[in-house]
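Colleague: Right, I'll just put the structure down here and ask away after.
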Amino acid sequence: SLETFEFKFDIGLAPDITVKGVDPSDSYESIVVEYDNGRIDEEITQLQKKAGEQKSADGPIEMLDLVKFEISELNPTEGREAWTNEISVLPERMTEAYQQEVLGKDKDFQMELDVNLLEVDTKEDYVKKYFLTDAPEDITFLFSAKVVEIKRLVPAEINDDFFEKVFDPKDEIKDVDAAKAFIKKDL
């Protein structure tokens, strides 16, 4: 037996458009942005960092290193053992006073620190979340701290692996000149 079907659909029609205030004799300026080689070299350097690896270092601590501290509470509440933890901090995020104390030091360096004053513009909830995870409610904020690890970003070498890691294979970038041309076009 035959059934009856009802179909509904919309039809979209493009209207005729008249642009007013434009004349075929009008001329417009087209701006072409040129990037100098310094800007393109900066992009290559950033890509090297992006493709780089974190490697352990014994020191001296540099601004962009990731420094892991083993911290131990100095003045625990009576009747409770000192609370300990490990925290990782970038010197570039530290307050100036702590930067001066840490930069240039080696692994195993020891100091005292107040976790509330360690990094620039930190709030109490940030300190609790990242430095005092699972700490007791009556935690004090002054700690002895020992540098137990220094991680340093080592930029990737410019070689075949670098080009494979950073660029899409379909772009067929195999050398620095091709990479620079691609970056210039992309910018």
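The values are calculated or read from the model by the stated rules, or taken from the named source; none is laboratory data. Owing to the predicted nature of the structure, the values given are computational and were not obtained by experimental measurement. Cβ sites come from the backbone with ideal geometry, for glycine too, and all protein chains shown count toward neighbours. Each accessible area value is taken on the protein alone, full model and side chains, heavy atoms only, with ligands, DNA and RNA left out. Shrake-Rupley method; radii C 1.70, N 1.55, O 1.52, S 1.80 Å.
Colleague: Taking Thr122 as meeting all but one of (1) farther than 30 Å from Glu34 by Cβ; (2) in contact (Cβ under 8 Å) with a residue 12 or more places away in the chain, write down the number of the exception.
Modeller: (2)
Colleague: For the stretch 100-129, name all the residues that are charged (D, E, K, R) and part of a loop (DSSP other than H, G, I, E, B).
Modeller: If the condition is that a residue be charged (D, E, K, R) and part of a loop (DSSP other than H, G, I, E, B), then Lys105, Asp106, Lys107, Asp108, Asp121, Lys123 are the ones that fit.
Colleague: Name the one entry in Leu90, Leu47, Leu64 that is within 35 Å of the chain's Cα centre (by Cα), under 30 Å from Phe162 (Cα atoms) and open to solvent by 90 Å² or more (accessible area, probe 1.4 Å).
Modeller: Checking each option against the conditions leaves just Leu64.
Colleague: With (1) in contact (Cβ under 8 Å) with a residue 24 or more places away in the chain; (2) surrounded by fewer than 15 Cβ atoms within 10 Å (Cβ to Cβ) as the list, and Glu6 as the residue in question, which single condition is left unmet?
Modeller: (1)
Colleague: Take Leu132 and tell me if it is more than 22 Å from the chain's Cα centre (by Cα) and among the hydrophobic types (A, V, I, L, M, F, W, C). Steps first, answer last, please.
Modeller: Numbers: more than 22 Å from the chain's Cα centre (by Cα): yes; among the hydrophobic types (A, V, I, L, M, F, W, C): yes.
Yes.
Colleague: Give the number of residues within the stretch 130-170 that are in a loop (DSSP other than H, G, I, E, B) and within 30 Å of Leu47 (Cβ to Cβ).
Modeller: 7
Colleague: Could you please let me know if Thr122 is open to solvent by less than 80 Å² (accessible area, probe 1.4 Å), at pLDDT below 95 and under 23 Å from the mean Cα position of the chain (by Cα)?
Modeller: Yes, satisfied.
Colleague: Right, next: Can you run down the residue pairs with Cβ atoms below 8 Å, 6 or more apart or on separate chains, where the first is in the stretch 133-150 and in contact (Cβ under 8 Å) with a residue 12 or more places away in the chain and of a type in the set (Lys, Arg) and the partner is surrounded by fewer than 16 Cβ atoms within 10 Å (Cβ to Cβ) and not in a strand (DSSP E or B)?
Modeller: Filtered contacts from the stretch 133-150: Lys146/Asp108.
Colleague: A follow-up question, please. On the basis of being assigned to a loop (DSSP other than H, G, I, E, B) and open to solvent by 100 Å² or more (accessible area, probe 1.4 Å), does Ile11 make the cut?
Modeller: Yes, satisfied.
Colleague: I've got another one for you. Could you tell me which numbered condition Ile44 fails, if it satisfies all but one of (1) in a strand (DSSP E or B); (2) of a type outside the set (Phe, Trp, Tyr); (3) farther than 25 Å from Lys129 by Cα?
Modeller: Going through (1) in a strand (DSSP E or B); (2) of a type outside the set (Phe, Trp, Tyr); (3) farther than 25 Å from Lys129 by Cα one by one, Ile44 breaks only (1).
Colleague: In the list Ala97, Ala179, which residue meets the criterion of being small (Gly, Ala, Ser), assigned to a helix (DSSP H, G or I) and in contact with a helix residue (DSSP H, G or I) (Cβ under 9 Å, 6 or more places away or on another chain)?
Modeller: From the options Ala97, Ala179, the qualifying one is Ala179.
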